[in-house]
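J.: To start, I am sharing the structure in question, which I have written as structure tokens.
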Amino acid sequence: MSQRQSWFEGWRLLAVLTLCLIALCLWIASMRQFEVEGVRMVIRFTARSSLSLFCLAFSAAALARLWPNAWTRWQRRNRRYLGLSFAASHTIHAVAIVVFAKMDPAGFAEATSPASYIFGGIGYAVIVAMSATSFDRTAALIGPHVWRALHLIGGYYLWFQFMVSFGKRVTTMPGYAAFLLPLLAVMALRMIAMASRATPQAAKA
């Protein structure tokens with residue numbers, strides 16, 4: 001069991017998750033003969049896979065602090081690779097959006113707005129910056145304080161963008177409320193972990 005856990009970590013974890021995402025997206029698109037509806041299904045699928053991977057990376061440190069066990073230690077240890085897997089998922093998401101725009105310009109224009117271009121563009125810039133600084137050498141180049149600020153602010157911005165992206169659909173499709181639950185849960189976990197870290201310091205003071 002330990003050998004299996006140690007194998008499914010690090011770069012292997014990233015490679016397996018990325019290859020699985022690519023294979024699933026090709027299969028999903030093929031269900032509609034790679035036509036527009038198949039591409040739109042891929043967009044929806046990768047939005048949800050990105051949400052899942054983001055929540056795993058975003059909650060890793062908090063869970064490891066609050067409930068230290070084999071799973072949360074594995075999650076914390078592989079937070080970087082879960083984050084990079086999220087970036088890979090969202091890259092596929094972006095490719096599918098570009099394909100959708102090429103195949104159905106009218107449908108793409110109807111589904112987007114200037115706000116989506118602005119905030120989506122900022123979101124992708126944040127993902128690129130966080131991914132580029134997820135390596136020891138690049139992290140060292142910008143220094144620990146800048147790195148922490150980038151990943152902290154970037155993580156909260158992406159959380160907010162997910163909340164808006166899924167939340168705005170709840171009024172027309174109530175089922176989308178289910179996607180807000182993990183986002184609210186990971187934020188609550190982070191707040192509780194921050195409070196637990198501050199409490200001992202306050203007690204010492």
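J.: Could you list, in sequence order, all residues of segment 155-177 that are outside any helix (DSSP H, G or I) and open to solvent by 70 Å² or more (accessible area, probe 1.4 Å)?
T.: Taking segment 155-177 and keeping what is outside any helix (DSSP H, G or I), we get 168-173.
Correct list: K168, R169, T171, T172, M173.
J.: Need pairs with beta-carbon distance below 9 Å; first residue at pLDDT 95 or above and within segment 80-93, second among the charged types (D, E, K, R) and open to solvent by 20 Å² or more (accessible area, probe 1.4 Å); sequence gap 6+ or separate chains.
T.: The qualifying pairs are Y81/E9; Y81/R12.
J.: Here is a list: L180, L152, L184. Which entry is touching a Gly at 6+ places or on another chain (Cβ under 7 Å), hydrophobic (A, V, I, L, M, F, W, C) and either loosely packed, with under 11 Cβ neighbours inside 10 Å or without any contact (Cβ under 8 Å) to a residue 24 or more places away in the chain (or both)?
T.: Numbers: L152 fails: touching a Gly at 6+ places or on another chain (Cβ under 7 Å); L184 fails: touching a Gly at 6+ places or on another chain (Cβ under 7 Å).
From the options L180, L152, L184, the qualifying one is L180.
J.: Which ranges mark the helices (runs of 4 or more DSSP H) fully within segment 1-74 that have 1 or more residues being open to solvent by less than 50 Å² (accessible area, probe 1.4 Å), of a type in the set (D, E) and out of contact with any helix residue (DSSP H, G or I) (no Cβ under 7 Å at 6 or more places or on another chain)? Break it down stepwise before answering.
T.: On the way: elements: 2-7, 10-30, 36-58, 60-66.
Where helices (runs of 4 or more DSSP H) fall fully within segment 1-74, none carries at least 1 residues being open to solvent by less than 50 Å² (accessible area, probe 1.4 Å), of a type in the set (D, E) and out of contact with any helix residue (DSSP H, G or I) (no Cβ under 7 Å at 6 or more places or on another chain).
J.: Just the residues that are among the hydroxyl-bearing types (S, T, Y), within 21 Å of V164 (Cβ to Cβ) and either surrounded by 19 or more Cβ atoms within 10 Å (Cβ to Cβ) or more than 15 Å from the chain's Cα centre (by Cα) (or both), please, taken from segment 83-136.
T.: The initial filter retains those residues of segment 83-136 that are among the hydroxyl-bearing types (S, T, Y), namely 85, 89, 91, 112-113, 116-117, 124, 131, 133-134.
Next, from what is left, pick out any that are within 21 Å of V164 (Cβ to Cβ): 89, 91, 112-113, 116-117, 124.
S89, T112, S113, S116, Y117 - these are the residues of segment 83-136 that are among the hydroxyl-bearing types (S, T, Y), within 21 Å of V164 (Cβ to Cβ) and either surrounded by 19 or more Cβ atoms within 10 Å (Cβ to Cβ) or more than 15 Å from the chain's Cα centre (by Cα) (or both).
J.: Would you confirm whether or not segment 89-109 contains a residue that is of a type in the set (V, I, T), part of a helix (DSSP H, G or I) and more than 21 Å from V42 (Cβ to Cβ)? Talk me through it step by step, then tell me what you get.
T.: If we filter segment 89-109 for residues that are of a type in the set (V, I, T), which is where we start, we get 91-92, 95, 97-99.
Then drop every residue that is not part of a helix (DSSP H, G or I), which leaves 91-92, 95, 97-99.
When the remaining residues are screened for being more than 21 Å from V42 (Cβ to Cβ), the result is none.
No; the residues of segment 89-109 include none that is of a type in the set (V, I, T), part of a helix (DSSP H, G or I) and more than 21 Å from V42 (Cβ to Cβ).
J.: If you check every pair at least six apart or on different chains, which have Cβ atoms under 6 Å apart with a residue in segment 103-125 that is over 16 Å from H90 (Cβ atoms) first and a residue that is surrounded by 12 or more Cβ atoms within 10 Å (Cβ to Cβ) second?
T.: The qualifying pairs are M103/V36; D104/V36; F108/F100; F108/A101.
J.: Same structure, new question: Quick one: which of M187, M173 is modelled with pLDDT of 90 or more and within 25 Å of A61 (Cβ to Cβ)? Don't jump to the end; show me each part of the working.
T.: On the way: M173 fails: within 25 Å of A61 (Cβ to Cβ).
Of the residues listed, the single one that is modelled with pLDDT of 90 or more and within 25 Å of A61 (Cβ to Cβ) is M187.
J.: Across segment 26-50, which residue is nearest to P105 (Cα to Cα) among those that are touching a residue at least 12 places away in the same chain (Cβ under 8 Å) and under 17 Å from the mean Cα position of the chain (by Cα)?
T.: Checking each candidate, the answer is I43.
The values are calculated or read from the model by the stated rules, or taken from the named source; none is laboratory data. Predicted model only: the values in this text are computed from it and were never measured. A quick note on method: Cβ atoms are made from the backbone with ideal geometry, for glycine too, and the neighbour counts reach across all protein chains shown. In case anyone asks, the SASA skips ligands and DNA or RNA and just uses the protein heavy atoms, side chains included. Shrake-Rupley method; radii C 1.70, N 1.55, O 1.52, S 1.80 Å.
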